[in-house]
Every structure is written in C-alpha cells, then in structure tokens.
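*Asks:* Handing you this structure, nothing more for now.
The values are calculated or read from the model by the stated rules, or taken from the named source; none is laboratory data. Quick caveat: nothing in here was measured; it's all calculated off a predicted structure. We place every Cβ from the backbone using ideal geometry, glycine too, and count neighbours over all the protein chains shown.
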Amino acid sequence: MRQDRSSCRGPLAPLIRMELLIVTADVIVTVLAGLAMFVGIVGIVVPVLPGSATIAVSALVWAIVVGTGTGWTAFAAITVLVALGMAAGWVLTGRRLKERGIPNRSLLVGGILAVVGFFVVPVIGLLLGFVGGLWAAEWQRLGDARKAWDTSWAAIKAAGIGILIEFGCAALALAVFAGTVIHHFVAA
C-alpha cells in the first residue's frame, strides 16, 4: 500500500514530499561551480591552491551542464577576464623584475623555499620562505645585504601587483558568474 507523500508529518516531512525538494543538476552544478570558483579566487592569493584556471574550468563545466546561450556567454566573459588577469599579472611582474635585473634563479630559490616554508609553518611559511629564499639568493648574487633587500622588496612588490590585478579580474569574473546565475534561475 503506497502512502500519499503529501500526508507525511514530522521533521522529515519536507524531505519526503518530493514536490517541495526540487534539486536539479543545474542547482547542484551551480553550487559546486560557485564553491570551486571561491577556491580559485583564494588560490590566487594563496598560490598553493589552483587559481584562475579553476575559475575558468568551473565556468566551463557550469556552461556545459546549463547548456544555454547565456551560460556560454558567461563562460566566454569569465574566460576572457581570468586570461586577462593572468596575462597582465605575468607581463607587469616580469617587466618590473627585468627592470630591476632580478634573475630567474633568485625567484626559483624563493619558490623552492616557499614550498619548504609552507610545510614548516603552514600558510604563512609560504610567504616567509619566498621572501627569505629570494633575499638569500640576492644576497649571494650581490654580496650586499642592503642591496639584496632592495631587489627582494622590488620583486615582492611586483608579485603583489600581479596578484592584485589577477585577483581583481577574477573578482569581476565571479561577479559575471553571480549575475548570470541569478538571471538563469530567475528566467527559468
């Protein structure tokens, strides 16, 4: 004998009455894409996590599942924004590093010590390891602690500017996603 779902009572009644619980693939993928994009934007600031690429891939998956022209337009806009942010960050950072004559070797040493620092002192060790490694490599190269700090500080500022630009473009991409999600579900 089948029980009528609308007559269910108790704290689990909303879960039993399926007409009240409408969860579609669109909703699930939208929530997951939003969470992945949040991880992506955090990953821009904390380089251990994947950054802008995660945002673009999340938008792609969302556009595929939603399958609307608006979804694909949002994906295109998001991809352009994150690509612009990544490229501008790389170009501006690279140009400033070249102007100061900071070699890739110093950045590599800073990167290696950043990874080591991350495991020694979680999260903050990433920054401490990078700064310490960069300074040590520059001190070894230049032979003067003050000059090493000056070039290290220039590299840190250049990296910070790149991160800010990439973060700003990613924030705009998330705003595009949020606006598109609202439009998608309101128009549906």
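*Asks:* Residues THR73, THR79: which one is under 20 Å from THR180 (Cα atoms), under 22 Å from the mean Cα position of the chain (by Cα), at pLDDT 90 or above and exposed (fewer than 15 other Cβ atoms within 10 Å of the Cβ)?
*Replies:* The match here is THR73.
*Asks:* Within the group GLY101, GLY94, GLY168, which residue is surrounded by fewer than 17 Cβ atoms within 10 Å (Cβ to Cβ), at pLDDT 95 or above and touching a helix residue (DSSP H, G or I) at 6+ places or on another chain (Cβ under 9 Å)?
*Replies:* GLY168
*Asks:* From the list VAL48, VAL39, which one is in contact with a Leu (Cβ under 7 Å, 6 or more places away or on another chain), β-branched (Val, Ile, Thr) and not in a helix (DSSP H, G or I)?
*Replies:* Answer to the check: VAL48.
*Asks:* Scan segment 16-30 and tell me whether some residue there is at pLDDT below 90, surrounded by 14 or more Cβ atoms within 10 Å (Cβ to Cβ) and not acidic (Asp, Glu).
*Replies:* Scanning segment 16-30, I find at least one residue that is at pLDDT below 90, surrounded by 14 or more Cβ atoms within 10 Å (Cβ to Cβ) and not acidic (Asp, Glu), so the answer is yes.
*Asks:* Does segment 139-154 contain at least one residue that is β-branched (Val, Ile, Thr) and either modelled with pLDDT under 90 or in contact with a Lys or Arg (Cβ under 8 Å, 6 or more places away or on another chain) (or both)?
*Replies:* yes
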